[in-house]
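In what follows, a structure is listed as structure tokens, so that the remarks can point back to it.
Every number in this text was worked out from the coordinates using simple rules, so none of it is lab data. Note that this is a predicted model, so its numbers are computed, not measured. Every residue, glycine among them, receives a Cβ derived from its backbone with ideal geometry; neighbour counts consider all protein chains shown.
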Amino acid sequence: MTAKVLVAGIGNIFLGDDGFGPEVVRRLPRHPDSAVRVVDYGIRGMHLAYDLLEPWDALVLIDAVPDRGAPGEIVVLRADAGASGLAQLDAHAMNPEAVFASVRALGGTLPPTVVVGCQVESVEEGIGLSVTVAAAVDTAVGAVDRVLADLLTVHQEV
């Protein structure tokens with residue numbers, strides 16, 4: 001049985017490096033497995049929350065992450081989608097914690113979640129990634145491919 005995986009690019013393209021997720025999704029090649037759905041959600045948090053009400057085996061979030069490391073550094077980590085938080089319903093914002101809380105408030109269950117993130121250099125107003133973050137997009141595409149391969153392999157073994 002094939003895993004049903006949602007790949008979600010999130011971020012605001014009008015805030016510099018925050019547009020990382022949508023840019024990675026734009027560059028991802030079409031996945032050969034029809035059970036993998038790739039969507040650029042941008043800042044449409046409620047759209048993602050409603051889509052997460054469907055039964056997914058896994059979620060891969062692609063996002064810019066706060067400046068806690070070297071700009072352009074790619075990180076892959078498991079998100080704690082089960083952490084409680086208050087639902088902040090905002091159809092035009094994209095905060096993963098608020099999306100997770102919204103899914104729970106709507107009666108949904110979150111799938112295991114992996115974040116492929118990039119350390120930002122600048123989230124100042126403006127369209128386009130910084131040179132450093134733009135250079136990391138291809139690395140992120142490779143990381144997403146590896147995460148998907150792992151998720152699909154693990155699911156097939158179960």
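At-a-glance table
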| item | result |
| --- | --- |
| Relative packing of 25-31, 45-51, 132-138, 107-113, which averages over residues the other C-beta atoms within 10 Å, highest first | 45-51, 132-138, 107-113, 25-31 |
| Vicinal HN-Hα couplings computed from phi for segment 5-11 (Karplus, 6.51 cos²θ - 1.76 cosθ + 1.60; Hz; Gly/Pro x) | 10, 9, 10, 10, x, 10, x |
| Long-range amide H partners of residue 12 with built H, under 5 Å | 19 |
| Amide H within-cut-off set for residue 61, under 5 Å, with H built and near neighbours excluded | 8, 114, 115, 116 |
| Using a Förster distance of 30 Å, the FRET efficiency for residue 139-residue 50 (Cβ separation, nearest 0.05) | 0.45 |
| Mean Kyte hydropathy of -1.0 or more with a Cα span along the axis of at least 20 Å, helices from DSSP in the chain | 137-157 |
| Cα centre as origin, Lys/Arg/Asp/Glu Cβ charges: the chain dipole, Debye | 400 debye |
| Segment 16-57 residues near the modelled residue 127 label - backbone nitrogen below 20 Å, point 7 Å along Cα→Cβ | 16-28, 40-44 |
| Prolate/oblate/rounded label for the chain (Cα gyration tensor, a/c 1.5) | oblate |
